[in-house]
Structures are given as C-alpha cells and as structure tokens.
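Below: one structure, written as structure tokens.
The values are calculated or read from the model by the stated rules, or taken from the named source; none is laboratory data. Being a predicted model, the structure only gives us computed values, none of them experimental. Cβ placement follows ideal geometry from the backbone for every residue including glycine, while neighbour counts extend to all protein chains displayed.
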Amino acid sequence: MKRKDVVIIGGGLGGLAVALRLAASGCNVTVCEQGESFGGKMNTWESGGFRFDTGPSLITMPWIFAELFEAAGSRMEDHFDMISMHPLSFYSFDDGTRFTYTTDLPLWLETVKNLEPKDVNGFFAFMKLGARLFEISKDSFLRKPPFAAPQLRDMSALRHFPVRRAWGNYAKVVASHFQSPQLQQLYNRYPTYVGSSPYQTPATLLLIPYLEFAFNGWYPKGGLYRIVESLLELAQSHKIALLSKAKVTGIEHQSGQVKAVRLENGTRLSADVVVANCEAEDAKVMLNEQGAIRLKRQDRSMSGLVFLIGVKKTLPDLHHHQIYFSADYKQEFSQLFDDQQFPDDPTVYVNCPSRNDRSVVPGEGEALFVMANAPANESGEWTESKIAEARRRVFRRLRRGGFPDIENNIVIEDVWTPDKIALRYAMPGGAIYGTHSHGWQKAFLRPPNKDRKYRGLYYVGGSTHPGGGTPTVLLSAQITADLVQKYELA
C-alpha cells in the first residue's frame, strides 16, 4: 500500500506532535512553518547570553508529554531533566498581602488558615469539584473527538459530573468557596491560562487549578523550548521534512477531497492528508471559501505585552514565578474585554527561570519574562508612546508589589507587543489562545479535529478540540492522529 503524503500547516507544538505520531504510523510527513523557527508560541529568544522562553513558562500533566515521546519511539527523560516547582509561585496583592503558593498540602493549608480559617473547608470542596471534573473528562472529553459515541466506562463516569456548579459562572463558583478576597483573586487568575476572563467563563475551567495543585507545575531544565528542540531531533530521525519560511497560502481540493497545499513562493506540495495547525478560520481562507474571514475581534482571547529583560545583578530573593495583582481585578478584565484597552492597573506576571536554572544566563544576573495581559486588537495600535505608557504602568505595579528596582541593572530588553505576536505567529490581533472560552459553547464546542466538509482535512492545536494549553494541545494531536489512522490509513 502506498505511503500517505501528509502536509501539516504550521510547526507549532501541535503540528510537531501530530507529525511525529503520523510519521511513526508510516506516513510521509512534511511540516510547513511560516516563520524562521519551529514551536509556534512555545519559542525562544536569545541575546547577550540570556535565553528566554517567549511562550509558556511551565507545564502540567507531564505524562502527556511522556506519551508523545513514547509514541515517537523515545523517552522524555533521555532528552531533558524536569524540575518540579516548589513552591509554585509567589503572590503579591495591592493591600500588601504576600505569600507563596505551594502544592505542599500542610504548608498551603496553614497559609489558607492564616488568610481565612473558614476557607480551609472551602479549599477542600473546591479541589473536590475539580477532581470530579477531571474524572469525567480525562478519558472522554480530553481523549476523544467531539460528539464521539460514549463507551460504557464514559457513561459510568457521569456519576461524578457536578451539573449545577460545572456550568455556572467561574468567578461566582470561586466566591462560593472562598471568603478571602486574596484567595478569590488567586483562583480567578486561572482562566487567563486560556486567555479568558474569570467573570465570563464557565466553572468547568476550575479543572485547571485542580490539575496544577494535584500534579504540580514542571519546568524542563534549559527552558521550555528544550521540548521543541527535542521534538525536532526526533522529527529528523523519523525523516520528517521540516520547511521553515514556508507560508501556506492555499489548500487545493477537488470533489471535496484535499489534493495539495500552495506556498507563498509558488511551490505546490501534493497531499493525501492536510493537517492545519492554525486557526480553523484561517484554513477556510486558504480553502478560498466564500465569506471566510479570520478570527473576529469579539471572539479573540487575550494577547499580552511582554518585556524580555536581562539584568546584570543576581536577585536571590526572587521566585521562579511571581504574580503582582491589580487593585481591582474585575475592572481590569472589563477594560481588557469590554473596552478593548490595556488596563490602567495591570496584573503583572514575572517569570525568572534563572532562579532554578543558571544555564539561561551568562553567569551573574537574571533572565526576566515580564508580562501583562492585553487585548487582541487590530494591528498598528501599539505606538512607541503607547508602549512607553504601558511599561510605566507595569513597573508601577511591580514597585507597589515590592519587586526590586532593576532599572539601572538592565543590560538587555526586548518588547513583544500584540502586534509583534500577531505577525510572528499569524494570530489575529496576537490572540495567544485563538478563541476565548467565554460561555460553554466557546469553551467546549471548538472546531472538530476532522473537517466535516473536506475529506482528508484535519485540525490540531489550541484552536480546535479539546482547547488551549500545552498538554491539551498534545491531546489534540493524539486525537487528530487517531482520526487520520481511522479514516485515511485503515
């Protein structure tokens, strides 16, 4: 039987993962990446001996990553060392409250008790709710295509499903479990992991804080881009063709069957199967469908304003992960989504991997990833004056939260605006997670992994089922590869 020719549009984490799975199944695989480097938003930037991850800064559910390496005939531990995050993060609040967040249960319960004794029971109830959601979703929603026929074990798991609370409003469910305003703000942060507002998302997303607490956060030594570098090494060993600067502009089809992709430089690549590791709406544009438009502004997840900063001074009191909360969280999200503007008082996240991994700095100093959420607006809005004003607000929040003064020790600084993110990763408005998760339909009825109209066309990545986040993207790749094997390789 002739080996199937598979072309994957986009060399992000999902594209590389499905490429490895399909190559291991005997397909001829070509990955077309529009940029200079692979990995999509899980990427890297280096200057002056400082190395920065430009996307995710930790992973959860590490066994999902290990499954991918196993499917590719390797072992994750042979490629890099994983560091367990203890504590997970440091939190600073506007009222001066500060504490570390740890998955060490006795230590964390002591912190909760000091904030509000009644919230100890609330925390256990909150985690129990997350555990029930994980129990129902781990072998069904997270592992199967949408609307797949349920098996008996899936039906039996429905007894764990907390119907009323699961479909409620995320922030309201948090408030029903915690009286402490600090704990409410802490747990309301988790929908931002998928670029969304806690005040507009369903409570099913509290699966995220449960997963992080139950299984901890992890960091691969050398930075998260080590994962991508390892996948590229495996791709070469599987003879996967990796084409960079290869922007796909069209998907050819005939009688409802995909036939090829066209590159911007005029190259035509024949294909029995096309897997789009991009926004589903972008694929419709490539198909030249009438009325197809890129992701609408009102449907976009948040973007971000990022400062990559190398400082010459070592800062031993910093934590690996730090969050400096705004004074009014609800107003912050109203400005982000309702007003479509950068917040007056942004919450600021600081990732300092050099606290645990000195390989990312040139001896002394620290590598700082400083990020505030930003709206995914149209291009051209981030002028020099707007960047300067936003930077002033970011550092004002850091100073108020007790972050050390680093201005005189900065030796490297690079700014990533939503405009830059949009251009580099072909994401409308720089929407980091594609579609937001506001409302249960947006959160759980994302485009399916197999196209309903065109034979041989599939989707992978955060914009399709089961959604955004690094482990979820890898689960998307598994689902998509299984569908290709079922419908194209059987």
If we only count helices (runs of 4 or more DSSP H) wholly inside the stretch 1-116, which ones have 3 or more residues that are buried (at least 21 other Cβ atoms within 10 Å of the Cβ)? 13-24
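The rows are residues; the columns are (1) in a loop (DSSP other than H, G, I, E, B); (2) within 13 Å of residue 18 (Cα to Cα); (3) at pLDDT below 90.
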{"position": "420", "(1), (2), (3)": "no, no, no"}
{"position": "433", "(1), (2), (3)": "yes, no, yes"}
{"position": "447", "(1), (2), (3)": "yes, no, yes"}
{"position": "453", "(1), (2), (3)": "yes, no, no"}
{"position": "464", "(1), (2), (3)": "yes, no, yes"}
{"position": "474", "(1), (2), (3)": "no, yes, no"}
{"position": "480", "(1), (2), (3)": "no, yes, no"}
{"position": "484", "(1), (2), (3)": "no, yes, no"}
List the residue pairs whose Cβ atoms are under 6 Å apart, where the first residue sits in the stretch 178-206 and is under 16 Å from residue 328 (Cα atoms) and not assigned by TED's automatic domain parsing to the domain that holds residue 472, the second is among the small types (Gly, Ala, Ser) and in a helix (DSSP H, G or I), and the two are 6 or more positions apart or on different chains. 184/175; 188/171; 198/171; 199/171
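Can you confirm whether residue 301 is closer than 23 Å to residue 418 by Cβ, buried (at least 16 other Cβ atoms within 10 Å of the Cβ) and of a type in the set (Gly, Ala, Ser)? Walk me through how you get there before you give the answer.
Numbers: closer than 23 Å to residue 418 by Cβ: yes; buried (at least 16 other Cβ atoms within 10 Å of the Cβ): yes; of a type in the set (Gly, Ala, Ser): yes.
The answer is yes for residue 301.
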Would the stretch 245-260 turn up any residue that is surrounded by fewer than 21 Cβ atoms within 10 Å (Cβ to Cβ) and touching a Ser or Thr at 6+ places or on another chain (Cβ under 6 Å)? yes
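Of the residues 183, 158, 206, 211, which single one is modelled with pLDDT of 95 or more and either on the phi < 0 side of the Ramachandran plot or crowded, with 22+ Cβ neighbours inside 10 Å (or both)? Please lay out each step first, then the result.
Working: 158 fails: modelled with pLDDT of 95 or more; 206 fails: modelled with pLDDT of 95 or more; 211 fails: modelled with pLDDT of 95 or more.
Exactly one of 183, 158, 206, 211 is modelled with pLDDT of 95 or more and either on the phi < 0 side of the Ramachandran plot or crowded, with 22+ Cβ neighbours inside 10 Å (or both), namely 183.
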Being farther than 19 Å from residue 49 by Cβ, over 21 Å from the mean Cα position of the chain (by Cα) and either assigned to a strand (DSSP E or B) or not acidic (Asp, Glu) (or both), is that true of even one residue in the stretch 343-358? yes
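Name the residue, out of 403, 342, 369, that is touching a residue at least 40 places away in the same chain (Cβ under 8 Å), among the aromatic types (Phe, Trp, Tyr), within 17 Å of residue 421 (Cα to Cα) and surrounded by fewer than 22 Cβ atoms within 10 Å (Cβ to Cβ). Can you show your working first?
Numbers: 403 fails: within 17 Å of residue 421 (Cα to Cα); 342 fails: surrounded by fewer than 22 Cβ atoms within 10 Å (Cβ to Cβ).
Only one candidate qualifies: 369.
Would the stretch 292-302 turn up any residue that is among the polar types (S, T, N, Q), at pLDDT 95 or above, under 23 Å from residue 461 (Cα atoms) and touching a strand residue (DSSP E or B) at 6+ places or on another chain (Cβ under 7 Å)? So that I can check it myself, show each step before the final result.
Narrowing the stretch 292-302 to residues among the polar types (S, T, N, Q): 298, 301.
Restricting the remaining residues to those that are at pLDDT 95 or above gives none.
Looking through the stretch 292-302, none of the residues is among the polar types (S, T, N, Q), at pLDDT 95 or above, under 23 Å from residue 461 (Cα atoms) and touching a strand residue (DSSP E or B) at 6+ places or on another chain (Cβ under 7 Å).
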So which residues in the stretch 292-333 are under 30 Å from residue 278 (Cβ atoms), touching a residue at least 12 places away in the same chain (Cβ under 8 Å) and assigned to a helix (DSSP H, G or I)? 297, 299, 332, 333
Filter result for residue 256 (out of contact with any Leu (no Cβ under 9 Å at 6 or more places or on another chain), over 20 Å from residue 17 (Cα atoms), among the small types (Gly, Ala, Ser) and touching a residue at least 60 places away in the same chain (Cβ under 8 Å)): yes
